[in-house]
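Below: the structure, in structure tokens.
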Amino acid sequence: MISSLAFNPLISSSLNIATTHSSRNKQNLVKQKPVELTLGYQQNPNGYKVFSFGLKGSIYEKVSSGFKSIAVMTDDKSTMSSSVEEDSENIGILHADSSLEPYKDHFKYRLKRYLHQKKLIEEHEGSLEEFAKGDYNWIFFLNEGYLKFGFNREEDGTLYREWAPAAQEAQIIGDFNGWDGSNHHMKKDQFGVWSIKIPDSGGNPAIPHNSRVKFRFKHSDGVWVDRIPAWIKYATVDPARFAAPYDGVYWDPPHSERYQFKYPRPPKPKAPRIYEAHVGMSSSEPRINSYREFADDILPRIRENNYNTVQLMAVMEHSYYASFGYHVTNFFAVSSRSGTPEDLKYLIDKAHSLGLHVLMDVVHSHASNNVTDGLNGFDVGQRSQESYFHIGDRGYHKLWDSRLFNYANWEVLRFLLSNLRWWLEEYKFDGFRFDGVTSMLYHHHGINMAFTGNYKEYFSEETDVDAVVYLMLANCLVHGILPDSTVIAEDVSGMPGLGRPVSEVGIGFDYRLAMAIPDKWIDYVKNKKDNEWSMKEISLNLTNRRYTEKCVAYAESHDQSIVGDKTIAFLLMDEEMYSSMSCLTDASPTIERGIALHKMIHFITMTLGGEGYLNFMGNEFGHPEWIDFPREGNGWSYEKCRRQWNLADTDHLRYKFMNAFDKAMNLLDDRFSFLASTKQIVSSTNNEDKVIVFERGDLVFVFNFHPENTYEGYKVGCDLPGKYRVALDSDAREFGGHGRVGHDADHFTSPEGIPGVPETNFNNRPNSFKILSPPRTCVVYYRVDESQEENKSANLGQVEETVAAADTDVNIPVESKVVGDKIEEDGDNY
């Protein structure tokens, strides 16, 4: 969601890339009765503003819903129990980064807030998991999540509950009662929860499956309004009516129509290789694609290219298609444009059958500003404690034109945490990519903020601790329900601790998107000549990440594909992609350069930029042009809102070369697991030669960005001695190259300097070997295990003897090849 990026290392200089946002007003705090413990910011002797603990007052707010004694804390001050005080001394993140020590009080405060909120949930709801599950707790009279909020079946009727404390009266209306709620008035409890039980009629539910429903309520000025239920599981719009509002749909199919999952979740991959996809625009035709078509037609492509994870965008219902799914209107509903809830389940089950993990793009950073069909419709001017959102400026994002959640509110926590559990359990998603995390972490939302890496930018009164605590709870919940889940944060700021476990007082994400990388590539491709490319800067940009906090690297995502911008392929080759991609003629210099650099940019990003890799749908084969959703400005056309798969499938077009290399990149990680390796050593960034040499795992990577120079006998450093061979070569003919590197050559190492004394070695590496490095190529070398080679040779000899001893009257051609430790025999069985 945020396109301008900055990055923070552990201890190094940082990028200084400003975000394009504006500032916000400071929050207003509601004064309450003082209590003993005070928490707030003060200036210490070192000049830092840090959290400190005193003995004056505390400020907190109580919500009108939930247990009466539950305090919903603001992000400044709170009461804490003595047990929480004891737990708050264990701050593991400080052991990983001692430079965070000046901010210890901030982490202590964060931990106290988290432990206190979690303790309250456990005391009054049973557990965090139960809080997000949805059983109605009759002991405490508390409502618990999606199993009881919204519409739920009971033995002899349908129970509907809605949290709307600002409503004066309420009814349920829909097709089932002719949109007349006079006989279906709801009752309000002391916590602002409205409920009604609608008895079955003739043994059947009074509200038929797939029928329209709405929540009608009267607010304080006496006006009645109709809204889609907040917990609705499906919403549709009349396609025959222009700009028609959405309707909530009661979704409760009979057992025979419910999709039954057939396949278990596949094992969690060592490192995610993510295919970012938008189901609606995945058709080759100018129309909206369906979940089932995506499952049958696109998932096999993703698996064929050796990705192990698919990340689905725009799953949550959003009335504005061109929002890319980021202006969510109905949080528990699947986007009806592409099908039904059962269709989405089919997609996820199909992905699991192919061994693919499925992540969902979840948007809890904000909500659509829509009133008639969105959650914002429940805001009728009430105070913040009775609303999903903050009031005033704090509740509105000026750039996104959207509403901002009040993460300190008990019922908001229930709503959002239940939402995560719903998608995990009902649809069997394997994790989430949290969108817009930067906006959540800070009161300024990253608006007009240039993150430089100074720790003061992350830990101050501008930090929204309410949101931080919510994210900690969310990660605790998700990993508790599904230990093998993958949770990724889209954060531009590089906040320290974002990717460390909650147990260390980190925020708990598994990965953070390395958002500075695509900006740097766009800058290079747009603004720098080839001879101006700095090998040191490229390397620094790719490796500039916090130690022990994993990143998902990407050269480009959907952000770089939208209208007004261009993909890397289109920037490199532009209009020649329309006329010069045929293999039947010689490639022009522009196409030659474009394809070569496209392969190199994506590959070095994958191999050096993080512990995971992401590619947006179509970019693997250099999809031309841009994405432009149907809108008034383009005549509501879908022409630029689709994927032209035929380009990669047509044998005489050069798109196939980029696609083949993408497939080989992923296969290389399948074979050597270099993304999961903690060993990453850059031994050379030679700006004169335009060559970068590094090791990842036990592989040696050589990238020659020079536009002209071929280096014969080029010495590269390595760790282990022995014999090296080519594992992958971007110049191979199958990838559109010239085949200049010999793949059958053995490269033997020579020792360099004194063992164990790096300054005497070659580029600080104890061994070296020599290679041929053509211009604009990348070649990967692996070390041959010669002991296995000897065993395989012996096994091969035994196979040949067996074949020779076979019946000589039967002439069976057998070609044996070694695959791992097995012998495969091509030929007929005998």
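The values are calculated or read from the model by the stated rules, or taken from the named source; none is laboratory data. Only a predicted model underlies this, so the values are computations on that prediction, with no experimental measurement involved. Note that we place each Cβ from the backbone using ideal geometry, even for glycine, and neighbour counts take in every protein chain shown. These accessible areas exclude ligands, DNA and RNA; they are computed on the full protein's heavy atoms, side chains included. Shrake-Rupley method; radii C 1.70, N 1.55, O 1.52, S 1.80 Å.
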Quick one: how many residues across the range 349-372 are in contact with a Ser or Thr (Cβ under 8 Å, 6 or more places away or on another chain) and either open to solvent by less than 10 Å² (accessible area, probe 1.4 Å) or among the small types (Gly, Ala, Ser) (or both)? 8
Tell me the residue from Leu142, Leu115 that is modelled with pLDDT under 90, touching an Asp or Glu at 6+ places or on another chain (Cβ under 7 Å) and aliphatic (A, V, I, L, M), please. Leu142
What number of residues within the range 431-452 satisfy the criterion of being part of a loop (DSSP other than H, G, I, E, B), open to solvent by 10 Å² or more (accessible area, probe 1.4 Å) and in contact with a strand residue (DSSP E or B) (Cβ under 7 Å, 6 or more places away or on another chain)? 1
Take Ala322 and decide whether it is modelled with pLDDT of 95 or more and touching a Lys or Arg at 6+ places or on another chain (Cβ under 6 Å). no
For the range 573-587, how many residues meet the condition of being within 17 Å of Ile522 (Cβ to Cβ) and open to solvent by 10 Å² or more (accessible area, probe 1.4 Å)? 1
Considering the range 204-243, residues that are open to solvent by 80 Å² or more (accessible area, probe 1.4 Å) and part of a loop (DSSP other than H, G, I, E, B), and then whichever is nearest to Pro254 (Cα to Cα), we arrive at Asn210
Exactly one condition in (1) in a loop (DSSP other than H, G, I, E, B); (2) modelled with pLDDT of 95 or more is not met by Gly717; state its number. (1)
What's the number of the only condition in (1) modelled with pLDDT under 95; (2) within 28 Å of Asn531 (Cβ to Cβ); (3) open to solvent by less than 50 Å² (accessible area, probe 1.4 Å) that Pro774 fails to meet? (1)
Considering the range 459-477, residues that are over 21 Å from Gly392 (Cα atoms) and open to solvent by 10 Å² or more (accessible area, probe 1.4 Å), and then whichever is farthest from the chain's Cα centre (by Cα), we arrive at Ser460
So if I check each of Lys456, Lys428, which one is part of a loop (DSSP other than H, G, I, E, B), open to solvent by 10 Å² or more (accessible area, probe 1.4 Å) and basic (Lys, Arg)? Lys428
Among the residues that make up the range 281-290, is at least one of them aliphatic (A, V, I, L, M), more than 30 Å from Ala514 (Cβ to Cβ) and surrounded by fewer than 21 Cβ atoms within 10 Å (Cβ to Cβ)? yes
Subset of the range 443-481 (residues that are aliphatic (A, V, I, L, M) and within 21 Å of Phe131 (Cα to Cα)): Val465, Ala467, Val468, Val469, Leu471, Met472, Leu473, Ala474, Leu477, Val478, Ile481
Residues located in the range 270-321, provided they are within 30 Å of Asp373 (Cα to Cα), in a helix (DSSP H, G or I) and not aliphatic (A, V, I, L, M): Tyr291, Arg292, Glu293, Phe294, Tyr321
Selection over the range 204-238 where residues are among the small types (Gly, Ala, Ser) and within 26 Å of Trp423 (Cα to Cα) yields a count of 3
Among the residues of the range 519-533, write down those that are open to solvent by 50 Å² or more (accessible area, probe 1.4 Å) and either among the aromatic types (Phe, Trp, Tyr) or not in a loop (DSSP other than H, G, I, E, B) (or both). Asp523, Lys526, Asn527, Asn531, Glu532
Looking at the range 731-752, can you tell me whether even one residue there is in contact with a helix residue (DSSP H, G or I) (Cβ under 6 Å, 6 or more places away or on another chain) and over 30 Å from Phe621 (Cβ atoms)? no
Within the range 550-564, of all residues that are within 16 Å of the chain's Cα centre (by Cα) and open to solvent by 20 Å² or more (accessible area, probe 1.4 Å), the one nearest to Ser677 (Cα to Cα) is Lys550
Please enumerate the residues belonging to the range 298-348 that are acidic (Asp, Glu) and crowded, with 21+ Cβ neighbours inside 10 Å. Glu317
Just one listed residue, out of Asn152, Asn137, is open to solvent by less than 60 Å² (accessible area, probe 1.4 Å), modelled with pLDDT under 90 and polar (S, T, N, Q), and it is Asn137
Of everything in the range 373-394 that's open to solvent by 30 Å² or more (accessible area, probe 1.4 Å) and in contact (Cβ under 8 Å) with a residue 12 or more places away in the chain, which residue is farthest from Gly192 (Cα to Cα)? Asp393
Regarding the range 662-672, can at least one residue be identified that is of a type in the set (S, T, N, Q) and either at pLDDT below 95 or open to solvent by 10 Å² or more (accessible area, probe 1.4 Å) (or both)? no
Please specify each residue of the range 534-562 satisfying the condition of being in a loop (DSSP other than H, G, I, E, B), out of contact with any helix residue (DSSP H, G or I) (no Cβ under 6 Å at 6 or more places or on another chain) and either free of Cβ contacts under 8 Å to residues at least 60 places away in the same chain or over 30 Å from His95 (Cα atoms) (or both). Ser534, Glu549, Ser557, Ser561
Out of all the residues in the range 482-499, which are over 19 Å from Leu312 (Cβ atoms) and touching a residue at least 60 places away in the same chain (Cβ under 8 Å)? Val492, Ser493, Gly494, Met495, Pro496, Gly497, Leu498
Looking at the range 687-701 only, could you name the residues that are under 20 Å from Arg740 (Cβ atoms) and surrounded by fewer than 20 Cβ atoms within 10 Å (Cβ to Cβ)? Asp689
Between Thr607, Thr590, which is crowded, with 20+ Cβ neighbours inside 10 Å and either assigned to a loop (DSSP other than H, G, I, E, B) or of a type in the set (Val, Ile, Thr) (or both)? Thr607
Search the range 378-414 for residues being part of a helix (DSSP H, G or I) and of a type in the set (Asp, Glu), and hand back the single one that is nearest to Val469 (Cα to Cα). Glu411
Working only within the range 703-725, note down all residues that are buried (at least 21 other Cβ atoms within 10 Å of the Cβ) and either under 30 Å from the mean Cα position of the chain (by Cα) or of a type in the set (D, E, K, R) (or both). Phe703
List every residue pair whose Cβ atoms sit under 8 Å apart, with the two residues 6 or more apart in sequence or on different chains, where the first one lies in the range 717-743 and is without any contact (Cβ under 8 Å) to a residue 24 or more places away in the chain and the second, anywhere, is surrounded by 22 or more Cβ atoms within 10 Å (Cβ to Cβ) and of a type in the set (Asp, Glu). Gly739/Asp731; His743/Asp729
